[in-house]
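Asks: This is the structure I want to talk about, given as structure tokens.
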Amino acid sequence: MAEIGRKYREKYGEWALVTGASAGIGLEFARALAREGMSIVLTARREDRLNALAAELKEKYHVDTRVVAVDLALADGADRLADAVADLPIAFLVNNAGFGYAGRFDKLAIDRLRAMVVVNCVVPVVLTSRILPGMVKRGRGAVIIVGSVAGHQPLPLHAVYSATKGFDLLFGEGLWGELRGTGIDALVIEPGSTKTEFQAVAGESVGPDHGEPAENVVRVALDALGKHPSVIPGWFNWVRANATRLVPRSTAAIIAKKVTEGSTPVELR
């Protein structure tokens, strides 16, 4: 990612909060914003990874960091995080934490499905609700929600995941409409397959090297911030996301199942 100065710190403020910062897209958001001189709150469950990233950002970019290890799937996880940063003027919120869960709905564990809805949907709502008023008061800020191309259509064998990402898309685009003229930019970034731990966590059989580099996703998001309500990186992902414009939704679901079956363990189909 090219060096582009300190425009985000100058435009939005000093502190950024990145959820799910221990790996993948969240880690790359933290690096990109630190490169801009922003101080970073890093949060995820794996404190050792967060501490290592904090040390890297301090050494390379000479920024302040704060590590908050928290399980956002817990009922009070989002509020615990918000309480831990209540003393900081969070100027840039990246709602990145989230995960998938592959398989036929009746074969999946309800506790994990519940946790996925909490992390993917409830947490962005609670965190944004707690942090956005400070941005509004200061008259500047940014909120990014990491959605997915899966949020554009029914996705058999990922039915709940695609529904959570549809929620994220409409929530984020609604915020964009509400916040116009306030000095606060909102954006939903909707990646397709990305080289992260997502596939392994979701229980898919596709390897971690499948997909687009996470740093490319972050670059597209930051380039689009302040210009668009949502953005899909890559023309092929755009075609996938807009398949329901070309064929009936039922047909899109049937086609999607044929695709997702290839990466879903046989015992969960």
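Asks: Starting from the residue with the highest accessible area, list W238, W15, W176 in decreasing order, probe 1.4 Å.
Replies: Sorted descending by solvent-accessible area, the residues read W238, W176, W15.
Asks: Using modelled backbone amide H atoms (1.01 Å from N, in-plane), which distant-in-sequence or interchain residues come within less than 5 Å of A69's amide H?
Replies: Those lying under 5 Å, H to H, from A69: there are none.
Asks: Need one number for region 102-201: average projected area of the convex hull over its C-alpha atoms, nm².
Replies: With every direction weighted equally, the projected area is 6.8 nm².
Asks: HN-Hα J couplings of region 137-147 from phi, Karplus 6.51/-1.76/1.60, θ = phi - 60°, integer Hz, Gly and Pro as x?
Replies: Ordered by residue, 3J(HN,Hα) equals 4, 7, x, 6, x, 8, 10, 10, 10, 8, x Hz.
Asks: Can you list residues from other chains, or at least 5 along the same chain, whose modelled amide H is less than 5 Å from the amide H of V188?
Replies: Correct list: I145, S230, V231.
Asks: Rounded to whole Hz and in sequence order, give me ³J(HN,Hα) for region 216-225 from the Karplus expression 6.51 cos²θ - 1.76 cosθ + 1.60, θ = phi - 60°, writing x for Gly and Pro.
Replies: Once θ is set to phi - 60°, the couplings for region 216-225 become 5, 4, 5, 4, 4, 4, 5, 5, 8, 4 Hz.
Asks: Run the helix sum for the chain: -39,500 (n - 2.57) per DSSP H stretch of 4+ residues, divided by residue count, reported at 222 nm to the nearest 500 deg cm²/dmol.
Replies: Roughly -14000 deg cm²/dmol at 222 nm, from the helical runs in the chain.
Asks: Moving on. Give me the percent of the accessible area of region 44-166 that comes from carbon and sulfur atoms, probe 1.4 Å, all protein chains in place.
Replies: 53 percent
Asks: Compute the semi-axes of the equivalent ellipsoid of region 1-54, taking the square root of 5 times each eigenvalue of the Cα gyration tensor, and list them largest first in whole Å.
Replies: Over the Cα atoms of region 1-54, the ellipsoid semi-axes are 20, 11, 8 Å.
Asks: Now for a different question. Just need the Rg to Rh number for region 1-116, please, alpha carbons only, Kirkwood Rh.
Replies: Taking Rg over the Kirkwood Rh, I get 1.04.
Asks: Give, to the nearest whole percent, the P(r) tail of the chain beyond 29 angstrom, counting all Cα pairs.
Replies: Distances greater than 29 Å cover 28 percent of the Cα pairs.
Asks: Taking the solvent-accessible surface of protein heavy atoms with a 1.4 Å probe, what is the per residue accessible area of the chain in Å²?
Replies: For the chain, the solvent-accessible area averages 46 Å² per residue.
Asks: Give the dimensionless ratio obtained when the Cα radius of gyration of region 71-155 is divided by 2.2 N^0.38 Å.
Replies: Rounded to two decimals, the normalised Rg is 1.25.
Asks: How would F171, F236 rank on accessible area, largest to smallest, probe 1.4 Å?
Replies: Highest to lowest solvent-accessible surface, that is F236, F171.
Asks: Under 5 Å between amide hydrogens, which residues at least 5 positions from T19 or on another chain qualify, with H placed 1.01 Å from N in the peptide plane?
Replies: Long-range HN contacts for T19: V94, N96, A97.
The values are calculated or read from the model by the stated rules, or taken from the named source; none is laboratory data. Just so it is clear, the structure is predicted and the values come from calculations on it, not from any experiment. The area values use the complete protein model at the heavy-atom level, side chains included, leaving out ligands, DNA and RNA. Shrake-Rupley method; radii C 1.70, N 1.55, O 1.52, S 1.80 Å.
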